[in-house]
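A.B. asks: Below are the structure tokens for one structure; questions will follow.
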Amino acid sequence: MEIFKSWDVIGDAVIQRATHPRHFGIIDKPVVSDGRKNFIGEFGDILNKQISKVNEIQLTSDELTQKLAVTPNEVNIHDVMIAAEKAQLALNFTRTIRDKLITAYQTLINLR
Amino acid sequence: MGMFLSIDTSASGLSAFRLKMDVVANNIANVNTTRTPEGGPYKRQRVVFAPRDTKVRFKSPFLPNVLKPVIGTGVRVLRVEKDDAPFRLVWDPTHPDAIKSGPKAGYVEMPNVNVVTEMTDMIAISRSYEANAMMIEHSKSIFNTALQIGRST
């Protein structure tokens, strides 16, 4: 039987966090009660996932550019340009998010 | 709805019109071709477009997803079909492919390609291509405008 604190319960989803693994109840991931399996997860995990997605976009663009150089008849020029633009937009987005994160961190650091 | 849905949609338009341009180029190049592997003169080719549908469709009316209005994801080329319009007849008895006998003897069947039609098609295609490219450009600027919201602190 698990005992949850009242602030860990939102609706029927229960979130339990351990700030340190040596603390009681070693649970790294948020616990979700039955019925709601689609709990999103930690912000860091989401961020990492998104960054790897951005990396995938960059790799696609790279691959298309190489194809254009090696076998120019097999790719459309607009596909290459669009992949490059997508890569740039995704990178811009990532940069904006990173700037936001750093701003948030600095705000927290300068509390005193 | 993804991050780049409108860009992908416009990209499909770019590919489709690019192919249509290739077909028009082929038609113009073959405007005087009187001999083809399947026999007879060259037949003009046309491109048939259809909306692109990435989702699986069921015919059952009881599935709720069927009724949902979904944004399309662009265009695709269904097929390249041949135009069955009658051939042009040109009087040229010395031509090697001239009709030897019958009421049309002495005439040569020329492809049913009208260069003027192909040229107007070409202009329309190049404008459509431009429109799709413009669409991508504006999707980009919308994306960047949205990013500006986060940047201005």
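A.B. asks: Being among the β-branched types (Val, Ile, Thr) and within 21 Å of B:Ala16 (Cβ to Cβ) is the filter; apply it to the stretch B:114-153 and report the residue that is farthest from the other protein chains (Cβ to nearest Cβ).
C.D. replies: Looking at residues that are among the β-branched types (Val, Ile, Thr) and within 21 Å of B:Ala16 (Cβ to Cβ), I get B:Thr117.
A.B. asks: While we're on this one: Among the residues of the stretch A:75-95, which ones are closer than 16 Å to B:Glu137 by Cβ, facing chain B (nearest Cβ under 8 Å) and hydrophobic (A, V, I, L, M, F, W, C)?
C.D. replies: Listed by number, the residues that qualify are A:Ile82, A:Leu89.
A.B. asks: Here's another thing I want to ask about it. Under 8 Å between Cβ atoms, which residue pairs at least 6 apart in sequence (or on different chains) link something in the stretch A:96-111 that is within 11 Å of chain B (Cβ to nearest Cβ) with a partner that is surrounded by fewer than 10 Cβ atoms within 10 Å (Cβ to Cβ) and not in a helix (DSSP H, G or I)?
C.D. replies: A:Thr103/B:Thr153
A.B. asks: Next question, about the same structure. Being touching a residue at least 40 places away in the same chain (Cβ under 8 Å) and either within 12 Å of chain B (Cβ to nearest Cβ) or not charged (D, E, K, R) (or both), is that true of even one residue in the stretch A:52-67?
C.D. replies: Looking through the stretch A:52-67, at least one residue is touching a residue at least 40 places away in the same chain (Cβ under 8 Å) and either within 12 Å of chain B (Cβ to nearest Cβ) or not charged (D, E, K, R) (or both).
A.B. asks: Evaluate the following for B:Ala124: is it exposed (fewer than 15 other Cβ atoms within 10 Å of the Cβ) and modelled with pLDDT of 95 or more?
C.D. replies: yes
The values are calculated or read from the model by the stated rules, or taken from the named source; none is laboratory data. As the structure is a prediction and not an experimental result, all values here were calculated from the model. Reconstructed Cβ throughout: ideal geometry from the backbone, glycine too, with neighbour counts over all protein chains shown.
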